[in-house]
Amino acid sequence: MINVVLQKVESQLRENFPDALIESSYFRGELTIIVKKNTLIEILSHLKTSPDLRFGMLTDLTATDWPGRSERHEIVYLLYSLDSHTYVRIKIRAKEREKVPTLTGLWDIANWLEREVYDMFGIEFQGHPDMTRILTPEGFDGYPLRKDFPLTYEVPQFSHNIEEPPEVIK
């Protein structure tokens, strides 16, 4: 069964931003909408401030990596409405090394979430106040959640092998 609030979200976005929506789909009662990158701020601001929608929480921001596509990355924004207890997922697509707009002007939490996406995927956010790594050490080479990141295994050090340097298995 499709949620009435999600139907309202989709119809309002189609009405107010007719050229911005690329694709929308429902799966297991959840709505996902892919929008054009240049309309992201305007659409998310509408979802946040519209009196009958009020998706005021950015609960998650992540990305997926699709190396074979011309637009390699999908950046995923999960919004939540405290009024209707409903989630909506908004996505944009970006090419390799293409900057995407920051949401730090709409949600303070975007600061940390965008830094995590930068650290794990290498996606930079235009206008972000502190685009530095947050999880990996300074000078770390690569982006661990990309599908082309080399997989390795490091033998853990315990008290019985503390004197031996860690062995990296490739």
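Cross-link partners for Lys147 among the aspartates and glutamates, with Cα-Cα distance under 18 Å and sequence neighbours closer than 8 places in the same chain left out: Asp65, Glu71, Glu74, Glu96, Glu98, Glu116, Asp119, Glu124.
Were the residues from Thr62 through Ser45 laid out at 0.36 nm apart, the gain over their Cα-Cα distance would be 4.3 nm.
For the chain, the convex hull spanned by the alpha carbon atoms encloses 162 Å³ per residue.
Could you give the length gained on full extension between Phe27 and Arg133, defined as 0.36 nm per residue of separation minus the Cα-Cα distance, in nm? Taking 0.36 nm per residue and subtracting the Cα distance, the gain is 34.8 nm. Each Cα pair under 8 Å and six or more residues apart adds its sequence gap; the mean of these over the residue count of the range 1-133 is a relative contact order of 19 percent. FRET efficiency for the pair Arg69 and Glu15, taken as 1/(1 + (r/R0)^6) with r the Cβ-Cβ distance and R0 = 25 Å, rounds to 0.25. Taking a straight Cα-Cα cut-off under 20 Å and skipping sequence neighbours fewer than 8 places away in the same chain, the lysines within cross-link reach of Lys37 are Lys48, Lys91, Lys95, Lys99. Loop-located GluC sites (Glu not before Pro) in the range 1-105 (DSSP state not H, G, I, E or B) with no more than 14 neighbouring Cβ atoms inside 10 Å: Glu71, Glu96, Glu98. Taking every Cα-Cα distance in the range 1-56 and sorting them into 10 Å bins starting at zero, the pair-distance distribution P(r) comes out as 23, 59, 18, 0 percent. The angle separating the long axis of helix 110-121 from the principal Cα axis of greatest extent in the chain is about 50 degrees.
Evaluated with a Cβ-only charge set (Lys, Arg +1; Asp, Glu -1), the chain carries a dipole of roughly 720 debye about its Cα centre, given to the nearest 20. When Asp141, Asp130 are compared by accessible area of protein heavy atoms, the largest-first order is Asp141, Asp130, using a 1.4 Å probe. Go through Ala110, Val76, Ile123 and say which Cα lies farthest out towards the positive end of the charge dipole of the chain; charges sit on Cβ, +1 for Lys and Arg, -1 for Asp and Glu. Going by the Cα projections, it comes out as Val76.
Taking the longest Cα principal axis of the chain as reference, the axis of helix 40-49 is set at about 60 degrees.
Summing Lys and Arg as +1 and Asp and Glu as -1 over all other residues whose Cβ lies under 14 Å from the Cβ of Ala94 gives a net charge of +3.
The values are calculated or read from the model by the stated rules, or taken from the named source; none is laboratory data. Computed from a prediction, not measured in an experiment: that's the story for all the values here. Because the Cβ atoms are built from the backbone with ideal geometry, glycine has one as well, and the counts that use them run over all protein chains shown. These area figures cover heavy atoms from the full protein model, side chains too; ligands, DNA and RNA do not enter into them. Shrake-Rupley method; radii C 1.70, N 1.55, O 1.52, S 1.80 Å.
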